[in-house]
Amino acid sequence: MSKMKSELPAGVASASGKQAADGFKLSKVEFIALIAALMAINALAIDVMLPALSEIGSSLGVLTPNHHQYVVTVYLFGFAISQLFYGPISDRFGRKKPLLIGIGIYITTALACVWVPEFNMLLALRFLQGIGAAATRVMTVSIVRDRYSGRAMAEIMSLAMMVFMIVPVIAPATGEVILFFSEWHMIFGFMAFFACAIGFWAYARMPETLAPENRRPFTAKSVINGFGIVIGNRVAFCYTLAASFMLGSLFGFINSAQQIYVDIYDLGRGFPLAFAAVAAFMALSAFLNSRMVGRFGMRRISQTLLITFISLSLLLFLLSVFFDGPVPFPIYIVIFALIMFCFGSIGGNFNALAMEPLGQVAGTASSVLGFVQSLTGAAIGMLIGQSFNGTTVPMALGYFIVGAIAMVFVLIAEQGKLFRAVSPSPQHVIEK
């Protein structure tokens, strides 16, 4: 291992990225767009069906409203667990083939959901669909890490996240349109069609980014060693745990969104608009982060926003407790949009900080980090969602708690000192 700074100047690619870039024909704009589209396959599987959860429950005989959330939760668990396998496979066989296989699984299970007759079978298919979608998460992060590092990687991920955030803006409204003209089964047909289009784009345009000389043998020993490298790096692992708890806040909101907007605030068909407004703030945050990260650095931006996230969550919790009845909607939506604005930059920067030291095992690293984040986030999101009691108190309290825990992990990663420009432990960084 050689010593190097954790954050390289913007535009500097990793060694593997330079090697894999030979013959790389995608422009930067198309590369970002394709990465964002691949990420959107996963987001679509969650967000487009949110308006249909009640209809799905009624159609399939689900009696408890909170159980409607399982359609999202089981998908997230399948998405989380399978990431452990995609990374080591991609470090051995490359990024492109596992990516296309995962998209194929996603499409097949989405089509099967069109004809699903009962709720338990739907949950099983959704679990399998999450397994397929996991390939898009692991491969996109690995592909970006193959070609970029440091602040350049954070910039690319922020721009991809900005485009990716268009999905939460339009997906619930798309679901509403499908429900207006048809019924909920057709939402899964739309998912399959969208994934087919993006899968063909990736097949036709995305080259293999992992150079042959950088591939790792697919053996039990190599996999265990790769996992040990990931878990043994304090900065990478602590930022992964911090990102995991932050992701739990997002999943908690997704699980509860329909009940908050429809049951508490009685928005009805206005639910997609409120959802889109919050997602737009997240997209704006990701865009601003991409413009500012090269100047201020990942740590300064994300740590400042994490403190703001915690403070606003505490404010929303106190208002939820002390108001006689629900927090007035204008106050709620403004505070919550600001909270999610903070989240929009925290997630991308935390992921870049976690991946930065791990370029040598990018595929395995992406899978381990993705597994920890998705599984932890899904579990926390389920706890927050299942705690829904007809008020905004459980969600606001959950946000404050996960933000505070994330801050503890950030402090451990940074050895108690915030707002550093570079990693405090460059000796832990792996360089080829």
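Which of the residues that make up segment 102-145 are of a type in the set (Val, Ile, Thr) and at pLDDT 95 or above?
Ile103, Ile105, Ile107, Thr108, Thr109, Ile131 - these are the residues of segment 102-145 that are of a type in the set (Val, Ile, Thr) and at pLDDT 95 or above.
Yes or no: Gly268 open to solvent by 10 Å² or more (accessible area, probe 1.4 Å) and in contact with an Asp or Glu (Cβ under 7 Å, 6 or more places away or on another chain)?
The answer is no for Gly268.
Quick one: which residue in Met340, Met382 is within 20 Å of Leu76 (Cβ to Cβ), aliphatic (A, V, I, L, M), within 19 Å of the chain's Cα centre (by Cα) and open to solvent by less than 10 Å² (accessible area, probe 1.4 Å)?
None of the other options fit; the residue is Met340.
What's the number of the condition Ala134 fails, among (1) open to solvent by less than 50 Å² (accessible area, probe 1.4 Å); (2) outside any helix (DSSP H, G or I); (3) among the hydrophobic types (A, V, I, L, M, F, W, C)?
(2)
Taking Phe329 as the residue in question, decide whether it is in contact (Cβ under 8 Å) with a residue 24 or more places away in the chain, open to solvent by 10 Å² or more (accessible area, probe 1.4 Å), in contact with a Phe, Trp or Tyr (Cβ under 7 Å, 6 or more places away or on another chain) and not assigned by the TED database to the domain that holds Arg137.
yes
Kindly indicate whether Thr304 is under 11 Å from Phe343 (Cβ atoms), part of a helix (DSSP H, G or I) and modelled with pLDDT of 85 or more.
no
Give the residues of segment 200-213 that are closer than 22 Å to Lys28 by Cβ, open to solvent by 10 Å² or more (accessible area, probe 1.4 Å) and part of a helix (DSSP H, G or I), sorted by residue number.
Answer for segment 200-213, where residues must be closer than 22 Å to Lys28 by Cβ, open to solvent by 10 Å² or more (accessible area, probe 1.4 Å) and part of a helix (DSSP H, G or I): Phe200, Trp201, Tyr203, Ala204, Arg205.
Taking the stated definitions as given, is Ala197 surrounded by fewer than 19 Cβ atoms within 10 Å (Cβ to Cβ), free of Cβ contacts under 8 Å to residues at least 60 places away in the same chain, in the same structural domain as Leu128 (by the TED database) and within 30 Å of Ala52 (Cβ to Cβ)?
yes
Would you mention how many residues in segment 109-131 are closer than 30 Å to Arg216 by Cα and surrounded by fewer than 24 Cβ atoms within 10 Å (Cβ to Cβ)?
Residues in segment 109-131 being closer than 30 Å to Arg216 by Cα and surrounded by fewer than 24 Cβ atoms within 10 Å (Cβ to Cβ): 3 in total.
Go through (1) assigned to a helix (DSSP H, G or I); (2) free of Cβ contacts under 8 Å to residues at least 40 places away in the same chain; (3) not small (Gly, Ala, Ser) for Asp266 and report which single condition fails.
Failed condition: (1).
List every residue pair whose Cβ atoms sit under 9 Å apart, with the two residues 6 or more apart in sequence or on different chains, where the first one lies in segment 289-303 and is within 9 Å of Phe419 (Cβ to Cβ) and the second, anywhere, is open to solvent by 10 Å² or more (accessible area, probe 1.4 Å) and modelled with pLDDT of 90 or more.
As it stands, the answer is Gln303/Met407, since those pairs meet every condition given.
Note down all Cβ pairs under 9 Å where the first residue falls in segment 143-167 and is farther than 25 Å from Leu50 by Cα and among the small types (Gly, Ala, Ser), the second is at pLDDT 75 or above and not in a helix (DSSP H, G or I), and they're at least six residues apart or on different chains.
The qualifying pairs are Ser149/Glu356; Gly150/Glu356; Ala154/Tyr148; Ala154/Gly297; Ala154/Glu356.
Let's see how each residue does on (1) modelled with pLDDT under 90; (2) surrounded by fewer than 24 Cβ atoms within 10 Å (Cβ to Cβ):
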| residue | (1), (2) |
| --- | --- |
| Lys5 | yes, yes |
| Val12 | yes, yes |
| Phe31 | no, yes |
| Ile35 | no, no |
| Ile46 | yes, yes |
| Tyr75 | no, no |
| Arg92 | yes, yes |
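Scan segment 228-239 and give yes if some residue there is open to solvent by 70 Å² or more (accessible area, probe 1.4 Å) and outside the structural domain of Ala110 (by the TED database), otherwise no.
Yes: segment 228-239 contains one or more residues that are open to solvent by 70 Å² or more (accessible area, probe 1.4 Å) and outside the structural domain of Ala110 (by the TED database).
Can you go through Ala274, Ala280, Ala243 and tell me which one is surrounded by fewer than 24 Cβ atoms within 10 Å (Cβ to Cβ), under 17 Å from the mean Cα position of the chain (by Cα), in a helix (DSSP H, G or I) and not assigned by the TED database to the domain that holds Phe93?
The unique qualifying residue is Ala280.
Can you name the condition, by its number, that Ile187 falls short on among (1) aliphatic (A, V, I, L, M); (2) farther than 20 Å from Val278 by Cα; (3) surrounded by fewer than 24 Cβ atoms within 10 Å (Cβ to Cβ)?
Unmet for Ile187, out of (1) aliphatic (A, V, I, L, M); (2) farther than 20 Å from Val278 by Cα; (3) surrounded by fewer than 24 Cβ atoms within 10 Å (Cβ to Cβ): (3).
Looking only at segment 322-346, which residues are assigned to a helix (DSSP H, G or I) and touching a helix residue (DSSP H, G or I) at 6+ places or on another chain (Cβ under 6 Å)?
Ile335, Ala337, Leu338, Ile339, Met340, Phe341, Cys342, Gly344, Ser345, Ile346
The values are calculated or read from the model by the stated rules, or taken from the named source; none is laboratory data. Since we're looking at a predicted model, the values are computed, not measured. Cβ: placed from backbone, ideal geometry, glycine included. Neighbour counts: every protein chain shown. When the accessible area is computed, the model is the full protein with side chains, heavy atoms only, and any ligands, DNA or RNA have been set aside. Shrake-Rupley method; radii C 1.70, N 1.55, O 1.52, S 1.80 Å.
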